[in-house]
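S.K.: This is the structure, below, for whatever I ask next.
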Amino acid sequence: MISTGSHPLWHPVFETLAYAAGYATFRRLRDRQGDIIPKSQRWTVIAAAAVGALLGSRILGIAEQWPMALTAARSGHFLTLLFTPGGKTIVGGLLGGWIGVETVKRVSGIRSRTGDLFVLPLCVGIAVGRVGCFAAGLADDTFGKATRLPWAVDFGDGIGRHPTQLYEIAFLAALAFGLSRPASLVNGLQFRLFMTAYLGWRILIDFFKPQPLVAGMNVIQWACASGLAALAVLFANDLRSSRGRASNDAAIA
């Protein structure tokens with residue numbers, strides 16, 4: 001068993017580094033590949049992603065700790081809980097940002113898919129942020145359940161736990177490598193593959209975390225399942241569209 005203790009002061013440091021690393025990766029990719037979003041609409045889309053991510057992360061973060069939220073609501077302290085630092089989730093940020101961008105694109109008439117450019121920055125940013133989660137240890141809600149595996153980590157309470165933060169860093173590294181390989185993917189498919197892989201991963205890895213459950217899964221897992229259902233609908237629509245185009249081409253030929 002490895003003993004690290006808990007160092008919560010490192011969490012905000014690595015959270016800041018995560019944003020910086022993600023943005024630096026985004027700028028580098030944009031300079032190399034170009035930006036498919038019109039310059040006049042770029043900041044509108046980015047602002048929609050930021051606002052949606054902030055709201056989604058906070059709302060789902062509170063819902064994740066629903067027993068505490070119910071207690072706060074009954075005691076009249078729910079607004080205090082709402083504005084308390086912490087209590088944010090990556091899944092909520094991803095889903096909220098996705099909803100925000102798609103809403104603004106629909107209102108603004110932007111038809112191009114804009115997510116591919118954010119895949120690698122998201123992998124980098126989330127991975128860096130998870131270093132802070134690991135350093136925070138027991139002060140963060142991302143640690144795993146107790147285990148006797150040789151790589152179990154003691155965060156200061158004498159209990160060996162799954163280092164789920166490190167598992168996620170390894171997963172993100174593999175995902176970034178796989179999705180960055182040269183391939184002739186349809187525009188927008190890379191982002192959907194990223195979302196599908198990450199949401200599926202979170203459903204799996206959250207079974208290793210001690211979280212309050214609702215019908216066998218925690219709130220994060222249910223949110224991931226909803227996101228996967230939405231992605232399945234989008235993939236089905238794309239498949240029908242491609243078959244329709246193929247039928248029309250065959251008819252013309």
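S.K.: What Rg and what Dmax come out for the range 140-204 when only alpha-carbon atoms are used, in angstroms?
M.R.: Rg then Dmax for the range 140-204, in Å: 15.7, 50.
S.K.: If R0 is 51 Å, what FRET efficiency do you get for ASN187 and MET1 from their C-beta distance, rounded to 0.05?
M.R.: E between ASN187 and MET1, to the nearest 0.05, is 0.60.
S.K.: With a point put 7 Å past each Cα toward its Cβ, work out how far ALA170 is from ASN237 in nm, to one decimal.
M.R.: For ALA170 paired with ASN237, the spin-label model returns 3.8 nm.
S.K.: On to the next question. Could you give the length gained on full extension between TRP201 and ARG32, defined as 0.36 nm per residue of separation minus the Cα-Cα distance, in nm?
M.R.: 57.9 nm
S.K.: Which ordering of TYR19, TYR198 is given by a fewest-first count of other beta-carbon atoms within 10 Å?
M.R.: Least crowded to most crowded, the residues run TYR19, TYR198.
S.K.: From the C-alpha coordinates alone, can you work out the Kirkwood hydrodynamic radius of the range 132-253, in Å?
M.R.: Kirkwood radius, the range 132-253: 17.2 Å.
S.K.: Most exposed first by the Cβ proxy, i.e. fewest other Cβ within 10 Å, how do GLU15, GLU64 rank?
M.R.: Taking fewest neighbouring Cβ atoms as first place, the list is GLU15, GLU64.
Read-outs: derived from the displayed coordinates by stated rules, not from any lab. Here the structure is a predicted model, which is why all the values come from computation and not from measurement. Cβ sites come from the backbone with ideal geometry, for glycine too, and all protein chains shown count toward neighbours.
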